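Quick note: the coordinates plus some simple rules give every number you see, no bench work behind them. Given the structure is predicted, the values throughout are model-derived calculations rather than measurements. Note: ideal-geometry Cβ built from the backbone for every residue, glycine included; neighbour counts use all protein chains shown.
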Amino acid sequence: MADSDGVDNNSALPTGSLSPPNTIKIHIKFSGRTIPLTIPPDSTVRIVKSLLQPLTNVLIRGQKLIFKGKVLIDAMNLDQLKILDGAKIMLIASEGLHQGG
């Protein structure tokens, strides 16, 4: 049944206020494994690298992310780069730029 603002309060589908934030799931290929990340599509490449650092032990400056044959620029947003839900991105680590441990 719709209330005075036209919203169907009895719908089986979640409403906008109940659904999770707008996110996409991307898959990072690194060293023979796949790392799933769920992030907002307006995240920058730099944010993706910062999330990958603790998971890979590769410093941000040592990470090179490649999507469809192109190296991704830190300042660009994923949506600007047309990186959509389910995208596969390759991570290349520069020699000598791993964290100590």
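Can you divide the C-alpha Rg of segment 24-93 by 2.2 N^0.38 Å and report the result to two decimal places?
Segment 24-93 yields a ratio of 0.96.
Can you tell me the FRET efficiency between S31 and N77 if r is taken as the Cβ-Cβ distance and R0 is 25 Å, rounded to the nearest 0.05?
0.45
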